[in-house]
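Below you'll find the structure, written out as structure tokens, and then a few comments.
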Amino acid sequence: GVALNIPDKQVDSVCPYCGVGCQLTYNVKDNKILYVEGRQGPANLGRLCVKGRYGFDYAHHPHRLTKPLIRREGAAKSGDFTMDPDRVLEVFREASWEEALELAGGKLAQIRDQHGGAALAGFGSAKGSNEEAYLFQKLVRTGFRTNNVDHCTRLCHASSVSALLEGIGSGAVSNPVMDVTRAEVIVIIGANPTVNHPVAATWIKNAVKTGAKLIVMDPRRSELARHAHRFLQFKPDTDVALLNAMMHVIVTEKLVDEAFIASRTIGYAELQANVADYSPEAMAPICGIDAETIRYVARLYATSQGSMILWGMGVSQHVHGTDNARCLIALSLMTGQIGRPGTGLHPLRGQNNVQGASDAGLIPMMLPDYQRVDNPAARARFEQAWGATLDPKPGLTVVEIMDAIDAGQVRGMYIMGENPAMSDPDANHARAALAVLEHLVVQDIFLTETAYLADVILPASAFPEKTGTFTNTDRLVQLGRQAIDPPGEAKQDLWIIQQMANRLGLPWNYGHVSEVFDEMRRTMASIGGITWERLERNGAVVYPCMNEGDVGQPVVFTELFPREGGRARFVPADIIPADERPDGEYPMVLITGRQLEHWHTGSMTRRATVLDAIEPDPVALVHPLDMERMGIRPGEAITIASRRGEVVLYARADDSSPVGAIFVPFCYYEAAINRLTNAALDPFGKIPEFKYCAIKVTPGGEV
Ligand code: SF4
């Protein structure tokens, strides 16, 4: 018994959770992960957070899907999900791979042939590898013959990316997280890195210790606010008012970088004219920050040797998410705080591979490397590379696909590793839409809330069961290596995608995953210089890396922006209110988000023993003054309702949100808060407004 915990194998890989991309080592014995250790990766230098260190045994959970499943004839599709595995076989029957694939792919092919490619859609996953994302979008584009392919980037940074592509020509970060240690001023807005990018938060705290001034701007007081030089707790939904007021100060006090504006940008005159109306005095009552503080912070940001902005979902998940990001971009451009180490713009990417999945073309308007599908030259290149004719029409986005199902336009879907029944806004509607699909194929490792609505379920592989590349928030392409084998008859995702492709008439026969990566390299200039051998040797290479031998560029836009004429563009923004404001009937505000121990819809972390033990129950964070007013004590059940649904959770006293606003994590299937959220979209990024809707709260209810 003494030798029980001595690993027989150590496998170097990366963390499967957030975009920080910490490198780790799996310590394995008898096909079981015993424990995980941090490694000297460029983003983590040995550090790991609680999720990376303890969130691994989900892979061994008894709920793992180990056989293909086919819905029993007559089994009604219900949105009321149960996690009870004993009930699975009431709804589904086990099948052979051959039978399941024939049905899964055959029915999709039939719908395509009868109704055209636009009657199909696919959701890939930001949890899959680059190679999986690439093959999945290629399958949808050449097998389904539509651009209806999207993934959870739509729910995360789609608005940031649309502002970045418009303003500076690239949706990725300009500087790596680690650059905070070289910045004089660090602005964190609408992000809670301690919870969502924990190792990144440690670098920020280290930077503060060595003298950097941290400015935290957020309607919620995050843990990082304790380390801040200034904390601006602005009113929810007033980002543009606050940021325009800062720009007003910078313009009127002549703190702009005139040389930078003249040589590297266009559109400054319009921006300048627009912010003239946004004096700090006029904006103070709107955003709740006094004029003097706005002035102080604006001056500090503009005049430091290096100021860096990092942001998250608090900026992006609004109907004005694109406008919020436009303001951040304009701030950096007008002050020349971009294009050097210790400056720049960093939208903190959520999922471990949301950057890579987007790069690989898992989005409806872009082919790999952000080549627009409606650009004939780009399309022609991929038509030649893939030997197929491509649809010139941009596809539908996540929420649009749900609406298209309602309208009878989309009839069949293939969903790989995404869980829209939990993650989509107005989830009751999303579930109802998924339930009316003629044919839904779900590929996943657990019976997720989405898989519960499927016609065919294909049991897939967990992160440590496969090899592939993953691109972190810093544009770092890293190698995840297989440490264990999938359980039972579960298969690797790359194999499943290919089997599906074959059934849709595509004669694919990729062998090793590196063959897929090689094809990506040939079609994507940004990673053209990264070879598989180099990844195996170094474990990580940053892009842009156009030619073999290039070292890669951690800091970009040093001389040119990847736009016409090499210049960035200012885009002014005005105040647009949230889609659904509180009123007499629904007087409070709901803010949704994540918590430290759980990841997104919880399908992995709630099945990780340690993480589930720390946060086992669905909670709502309620301000103590609101609790007192409503006569609720900590730990008691409350019912939260919006116009779209209601859920019951346990109230937890927490004064980090403002009075009148309640924060709820979206990871709890038994209290799926997205049943309440609003599906109103930002018009540019098509991102839903997860950070703001009107609710009412009543004591009591049954969890
Ligand atoms: Fe994993 Fe992110 Fe934690 Fe690093 S910070 S260990 S990548 S969850």
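Out of the residues in region 267-278 meeting the condition of being part of a helix (DSSP H, G or I) and not hydrophobic (A, V, I, L, M, F, W, C), tell me which one is surrounded by the fewest Cβ atoms within 10 Å (Cβ to Cβ).
Just the residues of region 267-278 that are part of a helix (DSSP H, G or I), to begin with: 268-275.
From what's left, not hydrophobic (A, V, I, L, M, F, W, C): 268, 270, 272, 274.
Working: Tyr268: 18, Glu270: 13, Gln272: 19, Asn274: 19.
Residue satisfying both the conditions and the ranking: Glu270.
Return the total of residues in region 587-610 being hydroxyl-bearing (Ser, Thr, Tyr), over 16 Å from the mean Cα position of the chain (by Cα) and surrounded by 19 or more Cβ atoms within 10 Å (Cβ to Cβ).
If we filter region 587-610 for residues that are hydroxyl-bearing (Ser, Thr, Tyr), which is where we start, we get 592, 601, 603, 605, 609.
After this cut, where a residue has to be over 16 Å from the mean Cα position of the chain (by Cα) as well, the list is 605, 609.
Imposing the further condition that a residue be surrounded by 19 or more Cβ atoms within 10 Å (Cβ to Cβ) reduces the set to 605.
The number of residues fulfilling the criteria is 1.
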Being at pLDDT 95 or above, surrounded by fewer than 19 Cβ atoms within 10 Å (Cβ to Cβ) and away from the ligand (no atom under 16 Å from the Cβ) narrows it down to one of Thr66, Thr82, so name that one. Thr66
When the residues of region 474-497 are filtered to those that are within 23 Å of the chain's Cα centre (by Cα) and acidic (Asp, Glu), which remaining residue is surrounded by the most Cβ atoms within 10 Å (Cβ to Cβ)? Asp493
Across region 673-702, what is the total count of residues that are farther than 28 Å from Met365 by Cα, of a type in the set (A, V, I, L, M) and modelled with pLDDT under 95? 0
Exception for Arg53 within (1) away from the ligand (no atom under 16 Å from the Cβ); (2) in contact with a Gly (Cβ under 9 Å, 6 or more places away or on another chain) falls at (1)
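Please tell me if Arg522 is under 23 Å from Phe136 (Cβ atoms) and either touching a residue at least 24 places away in the same chain (Cβ under 8 Å) or surrounded by fewer than 14 Cβ atoms within 10 Å (Cβ to Cβ) (or both).
Yes, satisfied.
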Take the residues of region 194-241 that are over 13 Å from Val180 (Cβ atoms) and among the polar types (S, T, N, Q): which is farthest from the ligand (Cβ to nearest atom)? Thr238
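Here is a list: Arg47, Arg87. Which entry is more than 21 Å from His600 (Cβ to Cβ), within 16 Å of the ligand (Cβ to nearest atom) and either at pLDDT below 95 or part of a loop (DSSP other than H, G, I, E, B) (or both)? Break it down into steps so the answer makes sense when it comes.
On the way: Arg87 fails: within 16 Å of the ligand (Cβ to nearest atom).
Result: Arg47 is the single residue among Arg47, Arg87 that is more than 21 Å from His600 (Cβ to Cβ), within 16 Å of the ligand (Cβ to nearest atom) and either at pLDDT below 95 or part of a loop (DSSP other than H, G, I, E, B) (or both).
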Looking at region 233-246, I want the residues that are without any contact (Cβ under 8 Å) to a residue 12 or more places away in the chain and among the hydrophobic types (A, V, I, L, M, F, W, C) and have a partner that is surrounded by 24 or more Cβ atoms within 10 Å (Cβ to Cβ) and not in a helix (DSSP H, G or I) with Cβ atoms under 6 Å, at least 6 apart or on another chain. Which pairs are those? none
What is the one condition in (1) touching a residue at least 24 places away in the same chain (Cβ under 8 Å); (2) farther than 25 Å from Leu45 by Cα that Ala212 does not satisfy? (2)
Considering (1) at pLDDT 95 or above; (2) under 28 Å from the mean Cα position of the chain (by Cα); (3) more than 30 Å from His318 (Cβ to Cβ); (4) in a loop (DSSP other than H, G, I, E, B), say which one Asp579 fails and leave the rest. (3)
Taking the residues in region 19-44 that are within 13 Å of the ligand (Cβ to nearest atom) and among the polar types (S, T, N, Q) as candidates, determine which candidate is surrounded by the fewest Cβ atoms within 10 Å (Cβ to Cβ). Thr25
Take the residues in region 590-617 that are touching a residue at least 60 places away in the same chain (Cβ under 8 Å) and aliphatic (A, V, I, L, M), then tell me which one is farthest from His318 (Cα to Cα). Val610
With the condition kept exactly as written, say whether any residue in region 4-18 is within 11 Å of the ligand (Cβ to nearest atom), in a loop (DSSP other than H, G, I, E, B) and among the hydroxyl-bearing types (Ser, Thr, Tyr). yes
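Counting residues that are surrounded by fewer than 18 Cβ atoms within 10 Å (Cβ to Cβ), which helices (runs of 4 or more DSSP H) fully inside region 279-390 reach at least 2? Give the derivation first.
Values: elements: 280-287, 291-303, 313-316, 321-334, 354-359, 376-386.
Helices (runs of 4 or more DSSP H) meeting the threshold: 280-287, 291-303, 376-386.
Quick grid of which residues meet (1) small (Gly, Ala, Ser); (2) in contact with a helix residue (DSSP H, G or I) (Cβ under 9 Å, 6 or more places away or on another chain):
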residue	(1), (2)
Gly552	yes, no
Pro587	no, no
Val610	no, yes
Ala620	yes, yes
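Counting residues that are within 23 Å of the chain's Cα centre (by Cα) and more than 16 Å from the ligand (Cβ to nearest atom), which strands (runs of 3 or more DSSP E) fully inside region 402-473 reach at least 3? Even if it seems obvious, please write down each step before you answer.
Numbers: elements: 412-416, 439-444, 456-459, 468-471.
Ranges flagged: 412-416, 439-444.
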Pairs needed: first member in region 261-288, of a type in the set (Asp, Glu); second member anywhere, surrounded by 14 or more Cβ atoms within 10 Å (Cβ to Cβ) and part of a loop (DSSP other than H, G, I, E, B); C-beta distance under 9 Å; at least 6 residues apart or different chains. Glu270/Phe570; Glu270/Val571; Glu270/Pro572
Determine whether Gly74 is away from the ligand (no atom under 16 Å from the Cβ) and at positive phi. yes
Pairs needed: first member in region 485-510, within 19 Å of Gly122 (Cβ to Cβ); second member anywhere, in a loop (DSSP other than H, G, I, E, B) and aromatic (Phe, Trp, Tyr); C-beta distance under 8 Å; at least 6 residues apart or different chains. Leu494/Tyr510; Gln498/Trp508; Gln498/Tyr510; Ala501/Trp508; Asn502/Trp508
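Residue-wise test of (1) among the small types (Gly, Ala, Ser); (2) farther than 24 Å from Cys156 by Cα; (3) modelled with pLDDT under 95.
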residue	(1), (2), (3)
Thr592	no, no, no
Gln595	no, no, yes
Gly602	yes, no, yes
Ile614	no, yes, no
Asp617	no, yes, no
Arg629	no, yes, no
Ile632	no, yes, no
Ala637	yes, yes, no
Ser642	yes, no, no
Restrict the check to region 434-443 and report whether at least one residue is buried (at least 24 other Cβ atoms within 10 Å of the Cβ), out of contact with any Pro (no Cβ under 9 Å at 6 or more places or on another chain) and touching a residue at least 60 places away in the same chain (Cβ under 8 Å). yes
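Which members of region 217-266 meet the condition of being of a type in the set (Ser, Thr, Tyr) and in a strand (DSSP E or B)? Before the answer, list the steps.
We begin by selecting, within region 217-266, every residue of a type in the set (Ser, Thr, Tyr); these are 222, 238, 252, 263, 265.
Within region 217-266, just Thr265 meets the criteria.
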Suppose the filter is within 16 Å of the ligand (Cβ to nearest atom) and either closer than 23 Å to Asn472 by Cβ or outside any helix (DSSP H, G or I) (or both); does Ala163 pass it? no
Would a scan of region 556-565 turn up a residue that is crowded, with 18+ Cβ neighbours inside 10 Å and touching a strand residue (DSSP E or B) at 6+ places or on another chain (Cβ under 6 Å)? yes
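The values are calculated or read from the model by the stated rules, or taken from the named source; none is laboratory data. The structure presented is a predicted model; accordingly, all values stated were derived computationally and were not measured. Cβ sites come from the backbone with ideal geometry, for glycine too, and all protein chains shown count toward neighbours.
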